[in-house]
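Just below is one structure, and these are the notes that go with it.
The values are calculated or read from the model by the stated rules, or taken from the named source; none is laboratory data. As the structure is a computational prediction, the values presented were derived from the model and not from experiment. Positions of Cβ are generated from backbone atoms using ideal geometry, with glycine treated the same way; all protein chains shown enter the neighbour counts. The accessibility values were calculated without ligands, DNA or RNA, using every heavy atom of the protein model including side chains. Shrake-Rupley method; radii C 1.70, N 1.55, O 1.52, S 1.80 Å.
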Amino acid sequence: NWQDVRDIIGDAFTDALGRVRYCMPTTDSNRARWPSHELWQQFEAVIGNDLLQNCTGVRPSDVMDANRVAKMRELDRQILGLLVSRAAASGVCPDEFYDFLENHFEALKRYSVDHPVPIDERLGRAASRYRFK
């Protein structure tokens, strides 16, 4: 919500300031040694002073980690829902559900081994859909 944005906007700008810099070119071929432009120094001062109350110390990596955990939790719920549906379609009684899970995971392992696309390729494609690092 908007309050969340207000709470962390200072963190976002501080992170951006650590990644980007507006410099004054010199004859030095190493850009890292170029001095920051005066306008950029003023911008850094404004961010450092005026947005201090809008900093919580949240780092982008913290947000990415939280998003990754939330995604894993969401996928686990979806997997469980599918397995409950699969068990119901198989006529599994509630007291047989956990045995069904163990047996079905063995079947899933076999399906994975027999799949025409190797697991490393499938994992690579799946991993490329998520940017948590």
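Could you tell me how many degrees, from 0 to 90 and to the nearest 10, lie between the Cα long axis of helix 2-19 and the main elongation axis, the longest principal axis, of the Cα atoms of the chain?
That helix lies at roughly 70 degrees to the long axis.
Mind checking the per residue accessible area of the chain for me, 1.4 Å probe, whole number of Å²? Walk me through the numbers on the way to the answer.
On the way: 10670 Å² over 133 residues.
So the chain comes to 80 Å² accessible per residue, rounded to a whole number.
For Glu96 and Arg122, FRET efficiency with R0 = 30 Å and r from the beta-carbon atoms, rounded to 0.05?
Values: r = 30 Å, r/R0 = 1.01.
With a Förster radius of 30 Å, E is 0.50.
Can you tell me the FRET efficiency between Leu17 and Met72 if r is taken as the Cβ-Cβ distance and R0 is 30 Å, rounded to the nearest 0.05? Please report the intermediate quantities before stating the final value.
Details: r = 32 Å, r/R0 = 1.05.
After rounding, the FRET efficiency stands at 0.45.
With viscosity set to 0.890 mPa s and temperature to 25 °C, compute the Stokes-Einstein D of the range 1-55, Rh being the Kirkwood radius across alpha carbon pairs; µm²/s, no decimals. Don't jump to the answer; show the numbers that get you there.
Values: Rh = 12.4 Å.
Stokes-Einstein gives a translational diffusion coefficient of 198 µm²/s.
Taking the Cα centre of the chain as the origin and placing charges on Cβ (Lys, Arg +1; Asp, Glu -1), which of Pro35, Leu82, Val20 is farthest toward the positive end of the dipole?
Going by the charge dipole, the pick is Pro35.
Provide the net charge surrounding Ser36, with neighbours chosen by a C-beta distance below 10 Å and charges set as Lys +1, Arg +1, Asp -1, Glu -1. All intermediate terms of the calculation are to be shown ahead of the outcome.
Numbers: positive: Arg21; negative: Glu38, Glu44.
With Lys, Arg at +1 and Asp, Glu at -1, the net is -1.
What FRET efficiency do you get for Gln42 and Ser112 if R0 is 41 Å and r is their Cβ-Cβ distance, rounded to the nearest 0.05? Each step should come with its number before you reach the end.
On the way: r = 58 Å, r/R0 = 1.41.
For R0 = 41 Å, the calculated efficiency reads 0.10.
What do you get for the angle between helix 38-50 and the principal long axis of the chain? Use alpha-carbon atoms, 0 to 90 degrees, nearest ten.
Helix 38-50 and the main axis of the chain meet at about 60 degrees.
When the dipole is taken about the Cα centre of the chain, and only Lys, Arg (+1) and Asp, Glu (-1) are charged at their Cβ, what size is it in debye, to the nearest 20?
On the way: 18 positive and 20 negative charges, 105 e Å.
Dipole magnitude for the chain comes out near 500 debye.
How tilted is helix 119-128 with respect to the longest principal axis of the chain? Cα atoms for both, answer in degrees (0 to 90, nearest 10).
The two axes meet at around 40 degrees.
Starting from the Kirkwood Rh over alpha-carbon pairs, what translational D in µm² s⁻¹ does the chain have by Stokes-Einstein at 37 °C and 0.692 mPa s?
On the way: Rh = 20.2 Å.
Answer from the Stokes-Einstein relation: 163 µm²/s.
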